[in-house]
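Enquirer: Encoded as structure tokens, here's the structure I'll be asking about.
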Amino acid sequence: MLRTLTRAGAAGLAFFAPVAAFAQEAAEAAAPVANPGNNAWMMTSTILVLMMILPGLALFYGGLTRSKNMLSTMTQIGAIACLAMLVWVTYGYGLAFGPEGNQFISWGKFFLAGVTSDSTAATFSDEVISEYVFICFQMTFAAITAALVLGSTVERIKFSAVMVFGVIWLTIVYFPIAHMVWAGGGRFFEMGALDFAGGTVVHINAGVSALVAAMILGKRKGYPVEPMPPHSLTLTMVGTGLLWVGWFGFNAGSELEADGTAGLAMINTFVATAAAALAWMAVEKLMGHKASALGFCSGIIAGLVAVTPAAGNVGVFGAIALGAIASVVCFFAVSKLKPKLGYDDALDAFGIHGIGGMIGAIGTGIFHDASLGGPGGDLSMLDQTLVQLNATVTTVVWAAVGTAIAIYAAKLLTGLRVSEEVEFNGLDIGEHGERAYN
Amino acid sequence: MKFIIAVIKPFKLDEVREALGSIGVAGMTVSEVKGFGRQKGQTEIYRGAEYSTNMLPKVKLEIAASDDLAPQVVETIQQTASTEAIGDGKIFVLDLASATRIRTGETGDTAL
């Protein structure tokens, strides 16, 4: 979303900051009306992102767990997404995009006070979209990010702990970071950090939070000695496909208009992903294994993650390079780094979203440069990369500290982890009283 | 009479069935089974984590044959099911005390 700092020119912050306050000031001056074409695209994008959560992420993560934890994994994802939606309209939107605020947080518009069908939110030009649509679009981002974190904690965390963690984590980690990146006056926004569709907000944030949560929660019983292979790579493949399709809403929707930059984000979301899928399989082969289906799926996610901050900020071949590089680095993160360090990031939420997000965020600074086919900006490649690095490091620290607080709070209130017996029998029966398969 | 149990690679089943049919074997029982021998299973790799599978899928044939036909059956299976690679399987021959056709009550070689 922030690429427009370079495109803003004389338009001034008020026109491209996706903040309702600015939108309303503009509305009073010119009474802008939402363009139905843009509104239609944003409503479509919003629903595409919902499809990434249910069924996309639920099937992707569910297939990777053991069959006794299939329903538990999918239920956790669905429930935390619903929780995030309710928290978002209650106070989350106000904390991220409220009319008053500083560089870390905003306030106002709690319970969506003052928002009507006629309210509008600014885009990156002098167009506006309906504020309700903007609220819904951003709501799906909060929902999927919270769900992504659970990839590291499945198969052993209590359902009640997930819900408590969800509320606290969204409040102290997600909303502030979303404000910093996307709201006018936010810390990263003002620095000129480029994050088209949420590389820092969604992926680095979710990945680092997942790592911290997994470390505090502890390893699954039997990890890494007992075999814990995915129970259905077929469903993981279905989930992967739904995620890829949904990601067009995520990336091309983040332009907030159906324009040429949305088109750039779209083509980049195709090619970076294609390059990453093949790169993962190629590196598997070079490491002496077979090119695998899970490698294909993992590569696709790594590419999608890496291109998220870059989508409208780099050229097509920059996106291909970024996807391929991120895929190779993520391969080594999950196959070498994870076993070496010994943490139980069950479904590689950190290994793919965290690591891939960092490669994407920092790589965006490099490939944004006009010399590498990007749209270019006011800053030199080095300066832009340093800004990206600054935003990345700040996000890592913020997410790590906030997650530790949220997880310990959940531990205090719920005990955090299921009993040994429930873990052995599976969380489907133990936590939900149902079986995925009969 | 002999009772012959053969454990072979699943993809060899059709070939073996045809060859046995051509030497006059009238029937057999086939089951899909799992097991291991010197091959000791195989390794699966998920995102770099290795899991060794101890049991491999095989097909088990059970054939009752007259004393005259039995050596030919063993030879045919051995030749048809061989790929000369590890994991081709084994053939066991047991003495068969009796055989009865349920429909007619015939016993011995005529029941086969």
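Nothing in this text is a laboratory measurement; each read-out follows from the coordinates by a stated rule. Remember, it's a predicted structure, so these values are computed and weren't measured experimentally. Cβ coordinates were reconstructed from backbone atoms using ideal geometry, including for glycine residues, and neighbour counts include every protein chain displayed.
Enquirer: Mind checking A:225-235 for the average number of partner chain beta-carbons within 10 Å of each residue's beta-carbon?
Expert: 2
Enquirer: Here's another thing I want to ask about it. Taking Cα centroids, how far is segment A:83-102 from segment B:65-112 in Å?
Expert: One Cα centre to the other: 76 Å.
Enquirer: With Kirkwood's inverse mean 1/r over C-alpha pairs for Rh, give me the Rg to Rh ratio of segment A:319-372, two decimals please.
Expert: When Rh is taken as the Kirkwood radius, the ratio is 1.07.
Enquirer: In whole Å, what is the distance between the alpha-carbon centres of segment A:116-133 and segment A:333-349?
Expert: 43
Enquirer: Over the Cα atoms of the protein assembly as shown, what radius of gyration and what Dmax do you get, in Å?
Expert: Every Cα atom of the protein assembly as shown included, Rg and Dmax give 29.5, 104 Å.
Enquirer: Can you tell me which of A:Gly360, A:Gly426, A:Gly166 moves the most in a GNM of chain A? Springs connect C-alpha atoms under 10 Å apart.
Expert: Residue with maximal mean-square fluctuation among A:Gly360, A:Gly426, A:Gly166: A:Gly426.
Enquirer: Which pairs in the list B:Lys12/B:Lys58; B:Lys60/B:Lys90; A:Lys336/A:Lys411 are over 20 Å apart, alpha-carbon to alpha-carbon?
Expert: Pairs exceeding the cut-off: A:Lys336/A:Lys411.
Enquirer: Would you calculate the separation in nanometres between label points at A:Ile47 and B:Lys60, each defined as 7 Å from the Cα along the Cα-to-beta-carbon direction?
Expert: Going from the A:Ile47 label point to the B:Lys60 one covers 5.5 nm.
Enquirer: Using DSSP to define loop residues, name the chymotrypsin sites (Phe, Trp or Tyr not before Pro) in segment A:384-438 whose beta-carbon has at most 13 other beta-carbon atoms within 10 Å.
Expert: A:Tyr437
Enquirer: Also: With a cut-off of at most 15 other beta carbons within 10 Å, and DSSP calling the residue loop, which GluC sites (Glu not before Pro) in segment A:371-438 qualify? Please list them.
Expert: A:Glu434
Enquirer: Quick one: what Rg and Dmax do you get for segment A:229-325 from the alpha carbons, in Å?
Expert: 13.9, 46
Enquirer: Express the relative contact order of chain B as a whole percentage, based on alpha carbon pairs under 8 Å and six or more residues apart in sequence.
Expert: Reported relative contact order: 42 percent.
Enquirer: Reachable aspartates and glutamates from A:Lys338, Cα under 20 Å, same-chain residues fewer than 8 places away excluded?
Expert: A:Glu155, A:Glu226, A:Glu284, A:Asp348, B:Glu44, B:Glu50
Enquirer: Also, quick follow-up: What is the Cα convex hull volume of segment B:2-111 when expressed per residue in Å³?
Expert: Convex hull volume per residue, Cα atoms: 120 Å³.
Enquirer: Can I ask one more? Scan chain B and report its longest stretch carrying no GluC sites (Glu not before Pro) that are both in a DSSP loop and have at most 16 other Cβ atoms within 10 Å.
Expert: It runs B:1-83.
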